[in-house]
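To start, the structure under review is shown below, and the notes come after it.
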Amino acid sequence: MTITITAFERSPDRGRGLARDMRVRWALEEVGQPYEVRLLSFEAMKEPAHLAHHPFGQIPTYEEDDLALFESGSIVFHVAERHTGLLPDDANARARAITWMFAALSTVEPPIIDRAIVRFQERDQVWYEQRLAMVDDRIKQRLSELSDRLGDAEWLDGTFSAGDLMMISVLLRIKGTGILEDYRHLSAYVARGEARPAYKRAFAAQLAVFTAASGD
Ligand code: GTB
């Protein structure tokens, strides 16, 4: 079985591990599955060959024999289901871990993405500051609720799971903004994720792509 994922040929995050191939790489590293990477330019992402795998012309995609998937959440879920290490065996614990994956993607990530859109696409608008403050308040509301739930536990529900992998991946997008840093339990939680050997291997692999592309 050969697994191939797609990633940016030159990531706009300059190798900071924020593009969504990172969460797929991390999942594959956690379960010990080797993978290959097909690097794509922005132009290639919109060409028919890639659109056949991803209707929206984005990365990441995932190919395994005759299976082709898109959407990082679906890909991580697939990896977690097919291999041991990211979902508990107990049916109820498994359902809760999957719930945390959905929570990360559909409840916590949207305001975090809104913030990036405001900062990069709406900066020239007269209402920029007001809108940014509004979006930041929404993020803080979610972080506060998440922090209350996590408390000083190591992971969201017992042992590390795909739910943690996805939640930490989402939170990393606001690391260094000062927002995450106001929540010490969440900052420590993210740091625990980053300290995992699988995360480090995935991070190094995506950074190597950027370094090679920029000739650094
Ligand atoms: N919901 C999809 C998923 O989870 O897989 C979203 C996929 C997505 O947004 N892909 C982005 C993409 O292909 C790359 S990761 N964009 C090109 C396009 O839409 O044409 C998003 C991303 C991009 C850049 C940074 N950054 O520079 O920090 C972070 C995250």
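In table form, for the structure just shown:
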{"quantity": "Criterion: aliphatic (A, V, I, L, M), at pLDDT 95 or above and out of contact with any Ser or Thr (no Cβ under 8 Å at 6 or more places or on another chain) - qualifying residue of ALA198, ALA213", "calculated": "ALA198"}
{"quantity": "Single match in PRO60, PRO55, PRO48 (criterion: closer than 19 Å to HIS83 by Cβ and at pLDDT 95 or above)", "calculated": "PRO60"}
{"quantity": "Selection from region 173-187 of residues that are open to solvent by 50 Å² or more (accessible area, probe 1.4 Å) and not in a helix (DSSP H, G or I)", "calculated": "ARG173, LYS175, GLY176, THR177"}
{"quantity": "Candidates PHE42, PHE102 - the one that is within 11 Å of the ligand (Cβ to nearest atom) and surrounded by fewer than 19 Cβ atoms within 10 Å (Cβ to Cβ)", "calculated": "PHE42"}
{"quantity": "Residue match in region 81-88 (condition: of a type in the set (Ser, Thr, Tyr) and over 24 Å from ALA208 (Cβ atoms))", "calculated": "yes"}
{"quantity": "Residue check for GLU71: within 12 Å of the ligand (Cβ to nearest atom), under 26 Å from THR211 (Cα atoms) and charged (D, E, K, R)", "calculated": "yes"}
{"quantity": "Total residues in region 20-39, condition farther than 12 Å from PHE8 by Cβ and either of a type in the set (S, T, N, Q) or open to solvent by 20 Å² or more (accessible area, probe 1.4 Å) (or both)", "calculated": "8"}
{"quantity": "Residues located in region 188-205, provided they are open to solvent by 20 Å² or more (accessible area, probe 1.4 Å), in a helix (DSSP H, G or I) and not aromatic (Phe, Trp, Tyr)", "calculated": "ALA188, ALA191, ARG192, GLU194, PRO197, LYS200, ARG201, ALA204, ALA205"}
{"quantity": "In region 144-172, residue surrounded by the most Cβ atoms within 10 Å (Cβ to Cβ) [restricted to those that are of a type in the set (S, T, N, Q) and closer than 21 Å to ALA116 by Cα]", "calculated": "SER169"}
{"quantity": "Matching residues, region 21-38, being within 16 Å of the ligand (Cβ to nearest atom) and in contact (Cβ under 8 Å) with a residue 60 or more places away in the chain", "calculated": "ASP21, MET22, ARG23, ARG25, TRP26, ALA27, LEU28, VAL37"}
{"quantity": "Pick from region 190-216, criterion of a type outside the set (Gly, Ala, Ser) and touching a helix residue (DSSP H, G or I) at 6+ places or on another chain (Cβ under 6 Å), ranking: farthest from ARG23 (Cα to Cα)", "calculated": "VAL190"}
{"quantity": "Some residue of region 123-143 being part of a loop (DSSP other than H, G, I, E, B) and open to solvent by less than 100 Å² (accessible area, probe 1.4 Å)", "calculated": "yes"}
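Let's see how each residue does on (1) out of contact with any Leu (no Cβ under 8 Å at 6 or more places or on another chain); (2) over 17 Å from PHE160 (Cα atoms); (3) open to solvent by 20 Å² or more (accessible area, probe 1.4 Å):
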position: PHE56; (1), (2), (3): yes, yes, yes
position: THR61; (1), (2), (3): no, yes, no
position: ALA68; (1), (2), (3): yes, yes, yes
position: PHE77; (1), (2), (3): yes, no, yes
position: ALA80; (1), (2), (3): no, no, no
position: HIS83; (1), (2), (3): yes, no, yes
position: PRO88; (1), (2), (3): yes, no, yes
position: ARG96; (1), (2), (3): yes, no, yes
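The values are calculated or read from the model by the stated rules, or taken from the named source; none is laboratory data. Since this is a predicted model, take the numbers as computed values, not measurements. Every residue, glycine as well, gets a Cβ built from its backbone with ideal geometry; the counts of neighbours run over all protein chains shown. Just the protein is used for accessible areas: all its heavy atoms, side chains included, with ligands, DNA and RNA removed. Shrake-Rupley method; radii C 1.70, N 1.55, O 1.52, S 1.80 Å.
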